[in-house]
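Let me begin by presenting the structure, written as structure tokens, before commenting on it.
Readers should treat all values here as calculations from the given coordinates under stated rules, not as data from a laboratory. Bear in mind that the values here come from a model prediction, so they are computed numbers and not experimental data. Backbone-built Cβ (ideal geometry, glycine too); neighbour counts: all protein chains shown.
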Amino acid sequence: MSSKINHHRIDYIELGAASTAASKDFYSGVFGWKWTDYGPDYTSFEDGRLTGGITEDDEGRKRGVLVVLYSDNLEETLRAVIASGGRITKEIFSFPGGRRFHFRDPAGNELAVWGQDPG
């Protein structure tokens, strides 16, 4: 990723679902999305312009759409979120491809920020 172009921009969206298989069937049939599976409970899609994922769990379904931003410096962005009145809902954690954290903005919207592994 180019930091000058992508730093702090929306990079990914995540949907919750009762069944990733049913969601894949629906979005493939209607919109022609392409898929990459990352285990039984998570799949990533490409629609030709945007990438995103679908997670099979109750938390994701309750949350709705999760907007995920990119950061060149995850720790610095986390500190800025807190300093500006955001509330961290998931501390930084690793996942295949990087690390991320979740937060609520002052209006109560949940978003996430991801970045590359520093090492």
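Using only alpha carbons, the chain has a radius of gyration to Kirkwood radius ratio (Rg to Rh) of 0.98. Helix 20-31 and the long axis of the chain differ in direction by around 80°, with both axes built from C-alpha atoms. What's the FRET efficiency of residue 18 with residue 79 using the Cβ-Cβ distance as r and R₀ = 41 Å, to the nearest 0.05? The pair residue 18/residue 79 has a calculated efficiency of 0.70.
Taking 22 Å as R0, compute the FRET efficiency from the Cβ-Cβ separation of residue 5 and residue 50 and round it to 0.05. Efficiency at R0 = 22 Å is approximately 0.90. Across the options 31, 94, 12, the greatest Cα extent toward the positive end of the charge dipole of the chain (unit charges at beta carbon of Lys, Arg, Asp, Glu) belongs to 12. Compared with the dominant principal axis of the Cα atoms in the chain, helix 74-83 is inclined by about 70°.
Relative contact order for segment 3-115: what is it in percent, counting Cα pairs under 8 Å that are at least 6 residues apart? Present the calculation step by step, with values, prior to reporting the outcome.
Details: 212 pairs, mean separation 29.7, N = 113.
Relative contact order, segment 3-115: 26 percent.
Of the trypsin sites (Lys or Arg not before Pro) found in segment 2-63, those in coil by DSSP whose Cβ has at most 12 other Cβ atoms within 10 Å are 9, 49. Where both bridge residues fall in the chain, DSSP classifies roughly 75% of the beta bridges as antiparallel. Note on the chain: with charges restricted to the Cβ of Lys and Arg (+1) and Asp and Glu (-1), its dipole about the Cα centre is near 320 debye.
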